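Colleague: The structure under discussion is supplied below as structure tokens; questions concerning it will follow.
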Amino acid sequence: LLETAADRQLIADLNPDAVVIGVGAEAVIPSLAGIETAVQALDVYSRMDQVGRNVVLIGGGLVGCETGLYLAHHGRNVTVVEMKDMMASETFGYYRNALLDEMDKRNMIQYLDTKCLKIKPDGIVAEVAGKETLIPADTVVYSLGMKAKTALAEELRKACGDRNVFVIGDCVKAGKVGDAVRDGYMAALRIV
């Protein structure tokens with residue numbers, strides 16, 4: 001059922017033997033001055049017409065780096081600002097090396113050990129090497145993590161009553177697509 005909200009009534013009407021709950025995660029929105037003017041990384045794909053030529057991307061994790069590559073591929077000049085001392089620190093090996101090579105090939109500027117202090121209409125103010133620096137941009141994009149929708153998952157779990165319930169994927173712990181797919185597969189095996 002597409003475009004259908006799951007709730008207590010739907011579960012009662014369907015009366016299923018088992019329910020798989022996979023309501024996902026949502027973006028972490030930091031308390032940062034000017035954040036309301038920035039674009040969340042996952043919204044970039046549907047809002048490319050609102051993304052300017054020069055982009056500063058706050059957050060150099062895997063999602064931030066991949067979003068930056070997408071933007072660079074579509075002709076944007078991308079600067080990635082990361083607080084840690086390495087980009088995409090949650091990944092490793094060949095994939096991480098290939099990702100960083102692609103970022104270099106697309107001339108993406110990278111700031112490591114750099115903290116965004118606030119977002120302004122003309123860019124961000126960041127702490128670079130101990131001093132405040134304006135990094136100019138037409139558009140600021142942020143990718144600062146995801147948080148599991150545990151409250152919604154729990155509400156739906158309670159609505160299921162005594163039915164067999166499997167809570168899977170990002171609503172348990174925000175992670176990677178492969179983990180969520182595996183959780184769904186394992187739930188299906190337990191049902192059949």
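Colleague: Residue check: is Thr67 open to solvent by less than 40 Å² (accessible area, probe 1.4 Å), at pLDDT 95 or above and among the polar types (S, T, N, Q)?
Modeller: yes
Colleague: Does Gly178 satisfy the condition of being without any contact (Cβ under 8 Å) to a residue 24 or more places away in the chain and part of a loop (DSSP other than H, G, I, E, B)?
Modeller: The answer is no for Gly178.
Colleague: Quick one: is Leu152 outside any strand (DSSP E or B), surrounded by fewer than 19 Cβ atoms within 10 Å (Cβ to Cβ), in contact (Cβ under 8 Å) with a residue 40 or more places away in the chain and under 21 Å from the mean Cα position of the chain (by Cα)?
Modeller: Spelling it out, Leu152 is indeed outside any strand (DSSP E or B), surrounded by fewer than 19 Cβ atoms within 10 Å (Cβ to Cβ), in contact (Cβ under 8 Å) with a residue 40 or more places away in the chain and under 21 Å from the mean Cα position of the chain (by Cα).
Colleague: While we're looking at this one, here's another question. Which of the following residues is more than 26 Å from Asn107 (Cβ to Cβ) and of a type in the set (Lys, Arg): Arg53, Arg47, Arg8?
Modeller: The unique qualifying residue is Arg8.
Colleague: Also: So, Thr79, is that one out of contact with any Leu (no Cβ under 8 Å at 6 or more places or on another chain) and either on the phi < 0 side of the Ramachandran plot or surrounded by fewer than 18 Cβ atoms within 10 Å (Cβ to Cβ) (or both) or not?
Modeller: no
Colleague: How many residues are free of Cβ contacts under 8 Å to residues at least 60 places away in the same chain and within 13 Å of Ser143 (Cβ to Cβ) if we restrict to segment 69-78?
Modeller: 3
Colleague: Moving to a separate point now. Go through segment 13-28 and give me each residue that's touching a residue at least 40 places away in the same chain (Cβ under 8 Å) and either more than 18 Å from Leu152 (Cβ to Cβ) or surrounded by fewer than 17 Cβ atoms within 10 Å (Cβ to Cβ) (or both).
Modeller: Pro16, Asp17, Ala18, Gly24, Glu26, Val28
Colleague: Also, I was wondering about something else. Within the bounds of segment 34-48, is there any residue that is surrounded by 11 or more Cβ atoms within 10 Å (Cβ to Cβ), touching a residue at least 60 places away in the same chain (Cβ under 8 Å) and assigned to a loop (DSSP other than H, G, I, E, B)?
Modeller: Yes: one or more hits.
Colleague: Looking only at segment 131-149, filter to residues that are buried (at least 20 other Cβ atoms within 10 Å of the Cβ) and touching an Asp or Glu at 6+ places or on another chain (Cβ under 8 Å); which one of those is nearest to Ala72 (Cα to Cα)?
Modeller: Filtering segment 131-149 for residues that are buried (at least 20 other Cβ atoms within 10 Å of the Cβ) and touching an Asp or Glu at 6+ places or on another chain (Cβ under 8 Å), the one nearest to Ala72 (Cα to Cα) comes out as Ala137.
The values are calculated or read from the model by the stated rules, or taken from the named source; none is laboratory data. It should be emphasised that the depicted structure is a prediction, and the values quoted were computed from it without experimental measurement. Using ideal geometry, Cβ is built from the backbone for each residue, glycine included, and neighbour counts are taken over all protein chains shown. Please note that ligands, DNA and RNA were not included when accessible areas were found on the heavy atoms of the full protein model with its side chains. Shrake-Rupley method; radii C 1.70, N 1.55, O 1.52, S 1.80 Å.
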